[in-house]
Structures are given as structure tokens and as C-alpha cells.
Amino acid sequence: MTPSPAPADDNIRPDYVHPTPVRPTRRRSPMPPGSLIASDHEALKHLAGLVGDCSDDAVLWVTFLSADDRALALVLPIDDLPSMPDNATTAALAAAMRDVVGKVYPGAQALVAIVRPTGGDYGDHERSWADALWRAADATGWSIRMIAAVGADRSRVLDRARCVPHADLR
């Protein structure tokens, strides 16, 4: 798939796919801590820059924005995950984020990257994990600003409505 050009108004269109920069030796975000991240486009570039090169395994990368949308110096790569999410894993993750991060950074919002080499779009893995994380966040009060799918050569913001299991669309 050829990426759509970046939107001129810096807002992410549903069909926009950001080409992920692959940096196997550098894991630096294009946005240093304290930078204002005001749009989904900036947040996606921030996540893709943090992830850099995709490993062989699926990983969740979680970073945070302050209540006033500034990048925080906190990044959590979470590996050794089940291939598909389960309620216990996502509930524990959401509760830990709410309890630990919420106490240190009140009002913090998470930016989550669901990362795998062949990912970066609406695959079953990405849709399942995104849906499970949003549901766990709703149940625990953990604030997620955005979830993105990041692969070796593409990335995109995931729309919550497109990640709902088909059975829930009836």
C-alpha cells in the first residue's frame, strides 16, 4: 500500500498511513520530553520514532503525555505478551498504568503502539489488542489518548470503532 500524503492541516485522516522510520540503532523520538504534541499526526510520529526498528516479536510500547499534551520522559516497552489479549493481562496492565503513572503524573494520557514487524494496519492482532486495551482502560479509569499500529514499514492511528469485534457491531 502506498502511503497517503500527510494531511496539510496536520489532522489524521482515516486513510492516512505514516511511513515508519526504521532506525535499528537509534531509539529516539522526534519529540523530546516537554514538547507539545497537539495532534494525532504528531503523536504517531512520536510513537514511530520511539519504536524505531521492529523486533521479531509483538511488543506494546506505552508513553505518556501530560494533562497539557506535553511529552513525558516515560516510555514502557512491554514484551512477552500473549499473541491475543486476555482480560487478566489487559486489566492488570490498565490498573498498573492508572495506579502508578496516575499518581506521579495526574491527568497523564497514554499513547500506545501495538508493534510487530508485519503490523502497522488493521490486522486481527492489532484490532484485538486495541479493543481489549480500550475496554480495560474504560473499566479502570486509565486514560488512553491514542492507540497506533506500528510495523516495519508503516504505521497508522487506529480508530476505536474499527477495532470493535464483529459480534459487537450487530
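The values are calculated or read from the model by the stated rules, or taken from the named source; none is laboratory data. These numbers come from a predicted model, not from an experiment. Heads up, the Cβs are rebuilt from the backbone with ideal geometry, glycines too, and the neighbour counts pull from every protein chain shown. These accessible areas exclude ligands, DNA and RNA; they are computed on the full protein's heavy atoms, side chains included. Shrake-Rupley method; radii C 1.70, N 1.55, O 1.52, S 1.80 Å.
Could you check region 60-79 and list, in sequence order, the residues that are open to solvent by 50 Å² or more (accessible area, probe 1.4 Å) and more than 14 Å from W129 (Cβ to Cβ)? Scanning region 60-79 gives A67, D68, R70, A73, V75, L76, P77. Exactly one residue among L111, L76, L72, L133 is of a type outside the set (S, T, Y) and in a helix (DSSP H, G or I), and that residue is L133. Note on region 94-118: residues that are over 14 Å from L47 (Cα atoms) and not aromatic (F, W, Y) total 16.
The single condition among (1) open to solvent by 60 Å² or more (accessible area, probe 1.4 Å); (2) without any contact (Cβ under 8 Å) to a residue 24 or more places away in the chain; (3) not aliphatic (A, V, I, L, M) that P82 does not meet is (1).
Annotation note: of R145, R156, the sole residue that is open to solvent by 40 Å² or more (accessible area, probe 1.4 Å), within 28 Å of G34 (Cα to Cα) and either assigned to a strand (DSSP E or B) or modelled with pLDDT of 90 or more (or both) is R145.
Every listed requirement among (1) touching a Cys at 6+ places or on another chain (Cβ under 7 Å); (2) buried (at least 21 other Cβ atoms within 10 Å of the Cβ); (3) free of Cβ contacts under 8 Å to residues at least 60 places away in the same chain is met by R127 save one, (2).
Would it be correct to say that G120 is open to solvent by 30 Å² or more (accessible area, probe 1.4 Å) and on the phi > 0 side of the Ramachandran plot? No, not satisfied. Within region 58-74, the residues that satisfy the criterion of being within 30 Å of T118 (Cβ to Cβ) and free of Cβ contacts under 8 Å to residues at least 40 places away in the same chain are L72, L74. Does H18 fit the bill of being touching a strand residue (DSSP E or B) at 6+ places or on another chain (Cβ under 8 Å) and modelled with pLDDT under 80? For H18, the condition - touching a strand residue (DSSP E or B) at 6+ places or on another chain (Cβ under 8 Å) and modelled with pLDDT under 80 - is met. For region 68-87, filtering for residues that are closer than 21 Å to R160 by Cα, small (G, A, S) and at pLDDT 90 or above leaves 0.
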